[in-house]
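Trainee: Before we start, here is the structure in question, set down as structure tokens.
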Protein chains: 4
Amino acid sequence: MRAIVYKGPFQVAVEQVSDPKIQHPNDVIVRITSSAICGSDLHMYEGRTAAQPGLIFGHENMGIVEEVGSGVTTLHKGDRVVMPFNVACGFCENCERGFTAFCLTVNPGFAGGAYGYVAMGPYPGGQAELLRVPYADFNALKLPPGTEHEEDFVLLADIFPTGYHGTELVQLSPGESIAIFGAGPVGAMAAYSALIRGAAEVYVVDRVPERLQKVKDIGATPIDFSKGDPVQQIRDMRGGDGVDKGVDAVGYQAVDPNKNTEQPSVVLESLIQIVNATGMLGIPGLYVPTDPGAPDPNSKQGKLLISFGKLFEKGLRLGTGQCDVKRYNRFLRDLIIAGKAKPSFIVSNEVLLNDAPMAYEKFDKRIEGYTKVILKP
Amino acid sequence: MRAIVYKGPFQVAVEQVSDPKIQHPNDVIVRITSSAICGSDLHMYEGRTAAQPGLIFGHENMGIVEEVGSGVTTLHKGDRVVMPFNVACGFCENCERGFTAFCLTVNPGFAGGAYGYVAMGPYPGGQAELLRVPYADFNALKLPPGTEHEEDFVLLADIFPTGYHGTELVQLSPGESIAIFGAGPVGAMAAYSALIRGAAEVYVVDRVPERLQKVKDIGATPIDFSKGDPVQQIRDMRGGDGVDKGVDAVGYQAVDPNKNTEQPSVVLESLIQIVNATGMLGIPGLYVPTDPGAPDPNSKQGKLLISFGKLFEKGLRLGTGQCDVKRYNRFLRDLIIAGKAKPSFIVSNEVLLNDAPMAYEKFDKRIEGYTKVILKP
Amino acid sequence: MRAIVYKGPFQVAVEQVSDPKIQHPNDVIVRITSSAICGSDLHMYEGRTAAQPGLIFGHENMGIVEEVGSGVTTLHKGDRVVMPFNVACGFCENCERGFTAFCLTVNPGFAGGAYGYVAMGPYPGGQAELLRVPYADFNALKLPPGTEHEEDFVLLADIFPTGYHGTELVQLSPGESIAIFGAGPVGAMAAYSALIRGAAEVYVVDRVPERLQKVKDIGATPIDFSKGDPVQQIRDMRGGDGVDKGVDAVGYQAVDPNKNTEQPSVVLESLIQIVNATGMLGIPGLYVPTDPGAPDPNSKQGKLLISFGKLFEKGLRLGTGQCDVKRYNRFLRDLIIAGKAKPSFIVSNEVLLNDAPMAYEKFDKRIEGYTKVILKP
Amino acid sequence: MRAIVYKGPFQVAVEQVSDPKIQHPNDVIVRITSSAICGSDLHMYEGRTAAQPGLIFGHENMGIVEEVGSGVTTLHKGDRVVMPFNVACGFCENCERGFTAFCLTVNPGFAGGAYGYVAMGPYPGGQAELLRVPYADFNALKLPPGTEHEEDFVLLADIFPTGYHGTELVQLSPGESIAIFGAGPVGAMAAYSALIRGAAEVYVVDRVPERLQKVKDIGATPIDFSKGDPVQQIRDMRGGDGVDKGVDAVGYQAVDPNKNTEQPSVVLESLIQIVNATGMLGIPGLYVPTDPGAPDPNSKQGKLLISFGKLFEKGLRLGTGQCDVKRYNRFLRDLIIAGKAKPSFIVSNEVLLNDAPMAYEKFDKRIEGYTKVILKP
């Protein structure tokens, strides 16, 4: 089959590789119908990870069940399914408590597995024609047959649940106010989730006009940090008050607006300032323990300078970590089916699998029209 | 009346001051029967705060109601009461949600008030003969009449709830394992609370033999960090595994065991290492936004270098802040009455109010037998 | 001042009564600008309670602070406020845990107090020109000055929070399905709240066309129980499946659709059938321990025959009781201010206080156009 | 192999039956070392269910893994394991949310499966030499090797978690008071769990002296309902007050103390009286939708007359249903290993499998010394 293969920094290729096979009775093979490119794929693409050439990318995968292992109970050939980016067993101590992003089984020696990602276990990605799905009864969510909502459903693999996760980490409840840093796909999905959950005020901080326009279109309040300190802008809108909750949808590649250089703790620091005492910070944005490309020695080891004294004084609580997609994907799917959520407003375009190298390049260069690409085999 | 008055660094005096008066219809005046010296009083005593001479110390107060304001509903002269260290109104946005440590009313411009503490509002402390208690229906917890359990009940003002708060911030549930850093009064109370809540394994890290012995006596596992890396010691006891939850009962004056100097983030860093992925960190130990005596410029501003990348990778959550005493004091009181909790095992001795200057000096010098002193007017 | 006074079954009168006075330092006097008639007022109006002539009705009250007691901290003359129907102290064991509908202070011998209601304490109602508000810092919610949103804000006294309470008792989360029995004001507000909270499917059961139309207009699915078993109708729409959660917004005066007579357990029985195993039932609809007008001896004592075996087999959980308005009113107010909630769609009309007797009569007879009346002094 | 086979009312026999085989890649075969007789086995034994002759009894099973299916990941021959009484898939909508007692996969058409129980699916029981365990990675909990704690660990299959479930359904927190009706194995385990969780006061109601003695021995307060109304007895001990929480560990075969006949709602009615307003009722005691042996026509259909008006007035919440054993068994196991729980105090004796018919007869007749029997193959 054809697959998108990592060749080295800034290089991916469409290559012929062996078809995946059933390796275990609980496996299924899925014929991919849609596979999205994720911002986190760029970490590998840019060579800022330990990813080795040969890796097949793709962790936002959906398709049609093609072949079913002998131990699979609930899936059948022809079922339309979407897979959480997490690979998880369903029965370890973490999975049974719902922490499927921290499965202890699928990636021995580490808590958590994923498709097509460096250090996340031996699971080739789905930017390809076919995908092997382990523990398939657990790892494939059934969808209504047909082709309806294809661009919405594919976002259930990662980006919609991950944005939602930000709002869940802060236990956002109706009538609260929230500040979300970052209006990329995760931030936009966090804002969208906050609105679905009944937030009273949703402030979204970014500096890219297209992104700010999109969150404005869904009913959030855009804050352009290139126009001034976002903390002050929000306070000014609120008569001096801060907000109940905050989400960091940016992560470690945050940019200091004053210096226009990477400053990994700048978003965390802003959140500590803008969230009111007793509030919560949700951090779905990625931070890593080692980052060879970081701007300083501490950041290279994932160490950040944080105003912990202020955080304590305000009695803040914070939650971090990759999203346990299975906590949410079933319910978010039902919102899509009911017509109450249409997350595909963030999809920029569909691209043939064969054109993926071009799409990666444009996405990496932030070229307009390539902000959230769905690959179509 | 007599009161303990701050005179300057390392100086307190017993002085005659004016008796407190009813200033508001919801006030009561309490005749103090017991008032404990708290570790946090030493921050002021040592001159490491902005406290001005003249301040009356004391936020761990209990006694007998002596006089009742015209608006007070449930208290009467002669009632035996213990006061949370927090002064709170009971009706602001934070109080009504239970966040009484962050009251927006009693200390304008800041979230939270307390008796006898710098920057916590105009509330003289209770290391004195009499104490004015504002919003007394809300701020005084009734106790059974008599003198029984006096040394247990006085700990309901701060140290027992604060230790308990550490276990609540991590949502400790029965059968879980927990590591607690610090075996001083707060750490010992956190360990005691963890055992009351049904923890399976409670590890407590300190280096003072008397403290380690006390936590061993109640059924916890002492870890002497002067004997080697506490993280490794705990892992060794657990076949390599970490723990479900962790509590920092030390705060910003943490000591680096290798260098024997203050290193404010050393406990946080150990917690990030020892708590398992998906776990939680509870931080009742005090961190401050400004600390003139800190070892380096960042710490002086309350900024700590934290392994945030690792924290994120493990999906850890953390909670901070001073204890909302009222969330817990009623239930902890009932445990004392039922004979199921006897926190006074940490009380070292009782001292006459007149001898308080001596007690402060010995406590500050960590002289044995003065680890938790109750002042008796 | 003028007030609406209960004179006997089916009789209320506009009478001159003494102005309320400040009786306690924590009181305020409010000049009423709007006071709604509640369905529960009809229980008294119809003579089905022990209410005695002379009672001033009205527990859905808003207005302007006119006079302030000497112990009041946060309110000032001229403040615009809305009062929860519950009178509560703010400092008893129940209030401090947020259960303000079950205050142990304000109505000795009973858990809970209210304005203008039989057996709910000595608090005259607000269908009048003036209202005394006890513990006013706790019991009055501040609103933006002016007259905007008047018809929305008055619903914060009872009906909007009470409907919301139904969705909170079942811990409704985004993407879930819910069946709500009753499309009167409480049921409509429960449906509206469910939609605000992000429910995927909201089914609302009633038989009054106007009510069904209103819930349809806001995006819920109306189910006309006069057209057939509502449980079957919902299952048919869901391919045989039930729903995640259910709300009873009807209470003890439920009508058996087959016999068209009162049958107090008919809604509970339907909920037990339609809610899926592991689901929850929220019951804001009123049930009473004694009902002289009930159809049978057991119902007269508030005893209902319930399919408890089936309830257990499905592992259902249920929550009951009057709404703790203060848990929600601040957040619901902020949704109104932000333009994200406009509950006044259920208000049928405004009526001068002097015309209240006519309004009561028409409301009691279910005459169209008098479904939710706001009285204007 | 030998197994205990149901032959008809009041008859079980030790018979030779075929050995179980691996039927699915996720199965394991366990060689039973201990299998307890449960009170719920007596419902079948007494002929009060639709159980057909030929059924192999036994749902409280532990043993050693003997054979492993090709799809099993974490279990190996020789592993010592205990199985929850629930059979569950681990991946359906209910299992993934932790509701393993309501699995939608293993018993089509019904929510929930179990070993050796009528209507709970095609899963022979474990009162035998061997047991087939489906979805074994999910359904077998690993234990330390050896034979230590055998009588404690076997109780992890049902009775310890089920008692604990009662305290979890009411969200029992430290310092609260609780009344538990029933001091049989489930009630005793509920009381034991309440004490482990830090309850301040635990009242346990029964009339069998041995049972009352056992709960007294562990630190609970026994209430003998043959000596007078248990509600009044508890109130008398508490100065008139009720309790925060209540557990029904009796179920539908409750006995009216005044008449000494079955009265299925008598315990529920007592709980509604004794639990304070705002409290919670946890109901692990079994109620069934059809009971041919019930004392009246309504009870035969599982319909009970309940003081719902009073329940509502007090704002009570209640939770029901069989225990999701997997929610708790891992943590309760760790308490046993740590020496902090020793539930085997309720085990009366061990009996050879061959003597099971005698043990059933004596247990059914409530003969002393046969209150909780462990069968040993």
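Trainee: Calculate the all-directions average of the projected area of segment B:313-377's alpha-carbon convex hull, and give it in nm².
Mentor: Convex hull of Cα atoms, orientation-averaged projection: 7.8 nm².
Trainee: For helix C:185-196, report the angle its Cα long axis makes with the longest principal axis of the Cα atoms of chain C; keep it between 0 and 90° and round to the nearest 10°.
Mentor: Around 70 degrees separate the two axes.
Trainee: Another one. At 7 Å along Cα-to-Cβ for each site, give me the label-to-label distance between A:Lys7 and B:Arg238 in nm.
Mentor: Calculated label separation equals 4.7 nm.
Trainee: Determine, from the Cβ-Cβ distance of A:Asn298 and C:Gln171 and an R0 of 45 Å, the FRET efficiency 1/(1 + (r/R0)^6), rounded to the nearest 0.05.
Mentor: After rounding to 0.05, the efficiency reads 0.60.
Trainee: Would you mind giving the total buried accessible surface between chains C and D, with a 1.4 Å probe and ligands, DNA and RNA left out, rounded to the nearest 100 Å²?
Mentor: Buried area (both sides, nearest 100 Å²): 3400 Å².
Trainee: Amide H neighbours of C:Leu305 under 5 Å, at least 5 residues apart or on other chains, H built in the peptide plane: list them.
Mentor: D:Ile306
Trainee: Please turn the phi angles of segment C:361-374 into ³J(HN,Hα) values with the Karplus equation 6.51 cos²θ - 1.76 cosθ + 1.60 (θ = phi - 60°), one per residue in order, whole Hz, x for glycine and proline.
Mentor: 4, 5, 5, 5, 8, 6, 6, 4, x, 10, 8, 8, 9, 9
Trainee: Can you pull the semi-axes for chain A, root of five times each eigenvalue of the Cα gyration tensor, sorted largest first, whole Å? Let's see the in-between values first.
Mentor: Details: eigenvalues 224, 97, 81 Å².
That gives 34, 22, 20 Å for the three semi-axes.
Trainee: Around B:Phe138, what is the net charge, scoring Lys/Arg as +1 and Asp/Glu as -1 over all other residues with Cβ under 10 Å from its Cβ? It would help to have the intermediate numbers written out before the result.
Mentor: Details: positive: B:Lys326; negative: B:Asp137, C:Glu96.
Its environment carries a net charge of -1.
Trainee: Put a label point 7 Å from Cα along the Cβ direction on A:Leu42, then list its distances to the equivalent points in the other copies in nm, shortest first.
Mentor: 5.1, 6.0, 6.8
Trainee: Now a separate question. Quote the relative contact order of segment A:218-377 in percent (integer), defining contacts as alpha-carbon pairs under 8 Å separated by 6+ residues. Before the final figure, lay out the partial values.
Mentor: Details: 203 pairs, mean separation 25.7, N = 160.
Averaging sequence separation for qualifying contacts and normalising by length gives 16 percent for segment A:218-377.
Trainee: Select from C:Asp324, C:Asp334, C:Asp206 the residue whose mean-square fluctuation is largest in a Gaussian network model of chain C (Cα-Cα springs shorter than 10 Å).
Mentor: Comparing C:Asp324, C:Asp334, C:Asp206 in a Gaussian network model of chain C, the most mobile one is C:Asp334.
Trainee: Shifting gears a bit: Regarding segment C:96-147, what are the three Cα extents along the principal axes, ordered largest first, in Å?
Mentor: If we take the Cα atoms of segment C:96-147, the spans are 39, 27, 13 Å.
Trainee: Also: Could you tell me the relative contact order of segment B:178-245? Use alpha-carbon pairs under 8 Å, at least six residues apart, and round to a whole percent.
Mentor: Value for segment B:178-245: 30 percent.
Trainee: Right, here's the next one. Peptide C:192-203: average number of partner chain Cβ atoms within 10 Å per residue?
Mentor: 4
Trainee: Summarise the accessible area of the protein assembly as shown (1.4 Å probe, protein heavy atoms) by the percent that is carbon and sulfur.
Mentor: Roughly 51 percent, rounded to a whole number.
Trainee: I'd like the Karplus ³J(HN,Hα) series for segment A:151-159: coefficients 6.51, -1.76, 1.60, θ = phi - 60°, whole numbers in Hz, and an x wherever there's a Gly or Pro.
Mentor: Coupling constants for segment A:151-159: 6, 7, 4, 4, 6, 6, 5, 7, 6 Hz.
Trainee: OK, next. Given +1 on the Cβ of Lys and Arg, -1 on the Cβ of Asp and Glu, and no further charges, what dipole in debye does chain A carry about its Cα centre, rounded to the nearest 20?
Mentor: 240 debye
Trainee: Looking at B:Ser173, B:Thr105, B:Tyr360, which one has the Cα that reaches farthest to the positive end of the dipole of chain B (charges on Cβ: Lys, Arg +1; Asp, Glu -1)?
Mentor: Farthest along the dipole direction, towards plus: B:Ser173.
Trainee: Give me the base-10 log of I(q)/I(0) for segment C:67-138 at each q in 0.24 Å⁻¹, Debye formula, one uniform scatterer per Cα, rounded to two decimals.
Mentor: Log-scaled intensity ratios, in q order: -1.14.
Trainee: While we're looking at this one, here's another question. About its Cα centre, what dipole magnitude does segment A:144-229 give when the only charges are +1 on Lys and Arg Cβ and -1 on Asp and Glu Cβ, stated in debye to the nearest 20?
Mentor: That gives segment A:144-229 a dipole magnitude of about 280 debye.
Trainee: P(r) of segment D:1-115 in 10 Å steps, Cα pairs, percent per bin?
Mentor: Computed distribution, short to long bins: 13, 36, 39, 12, 0.
Trainee: Using modelled backbone amide H atoms (1.01 Å from N, in-plane), which distant-in-sequence or interchain residues come within less than 5 Å of D:Glu201's amide H?
Mentor: Here D:Ser177, D:Ile178 satisfy the definition.
Trainee: Can you show me the helix-derived [θ] at 222 nm for chain A, built from DSSP H runs with n ≥ 4 at -39,500 (n - 2.57) apiece and divided by the number of residues, rounded to the nearest 500.
Mentor: Per the formula, -6500 deg cm²/dmol.
Trainee: Right, here's the next one. Taking each residue of B:73-80 in turn, how many C-beta atoms of other protein chains fall within 10 Å of its C-beta, and what is the average?
Mentor: 2
Trainee: A further question on this structure: Under 5 Å between amide hydrogens, which residues at least 5 positions from A:Gly113 or on another chain qualify, with H placed 1.01 Å from N in the peptide plane?
Mentor: A:Val87, A:Cys103
Trainee: Any idea of C:Ser265's accessible area? Nearest 10 Å², probe 1.4 Å.
Mentor: For C:Ser265, solvent-accessible area is about 10 Å².
Trainee: Partner chain Cβ atoms within 10 Å, averaged over the residues of B:93-99 - can you pull that number for me?
Mentor: 5
Trainee: Using a Debye calculation, one point per C-alpha and no hydration shell, please list log10 I(q)/I(0) for segment D:127-220 at q = 0.12, 0.17, 0.21, 0.25 Å⁻¹ in order.
Mentor: -0.47, -0.80, -1.01, -1.23
Trainee: Counting only heavy atoms of the protein chains, get the accessible area per residue of the protein assembly as shown (1.4 Å probe) and round it to a whole Å² value.
Mentor: 33 Å²
Trainee: Run the dipole for the protein assembly as shown about the Cα centre, Lys and Arg Cβ at +1, Asp and Glu Cβ at -1, nothing else charged, and hand back the magnitude in debye, nearest 20.
Mentor: 0 debye
Trainee: Also, I was wondering about something else. Which ³J(HN,Hα) values in Hz, rounded to whole numbers, follow from the phi angles of segment A:241-247 under the Karplus curve 6.51 cos²θ - 1.76 cosθ + 1.60, where θ = phi - 60° and Gly and Pro get x?
Mentor: Computed from phi, the couplings for segment A:241-247 are 6, x, 10, 6, 9, x, 10 Hz.
Trainee: Related question: Rounded to whole Å and sorted largest first, what semi-axes of the equivalent ellipsoid does the C-alpha gyration tensor of segment A:222-377 yield via the square root of 5 times each eigenvalue?
Mentor: Details: eigenvalues 185, 100, 60 Å².
Sorted largest first and rounded, they come to 30, 22, 17 Å.
Trainee: Averaging sequence separations of C-alpha pairs under 8 Å and six or more residues apart, then dividing by the length of chain A, give the relative contact order as a whole percent.
Mentor: 17 percent
Trainee: Calculate the tail of P(r) for the protein assembly as shown: the fraction of all Cα-Cα distances greater than 68 Å, expressed in %.
Mentor: That tail contains 6 percent of the Cα-Cα pairs.
Trainee: Taking chain D as a Gaussian network, Cα atoms linked when under 10 Å apart, which of D:Arg366, D:Arg197, D:Arg31 shows the biggest mean-square fluctuation?
Mentor: Ranking D:Arg366, D:Arg197, D:Arg31 by mean-square fluctuation puts D:Arg366 first.
Trainee: By how many nm would the segment from C:Arg207 to C:Asn349 lengthen if fully extended, with 0.36 nm per residue of separation less the alpha-carbon distance?
Mentor: 48.9 nm
The values are calculated or read from the model by the stated rules, or taken from the named source; none is laboratory data. Computed from a predicted model, the values in this text were never measured in an experiment. We place every Cβ from the backbone using ideal geometry, glycine too, and count neighbours over all the protein chains shown. Surface accessibility is based on the protein's heavy atoms, side chains included, excluding ligands, DNA and RNA. Shrake-Rupley method; radii C 1.70, N 1.55, O 1.52, S 1.80 Å.
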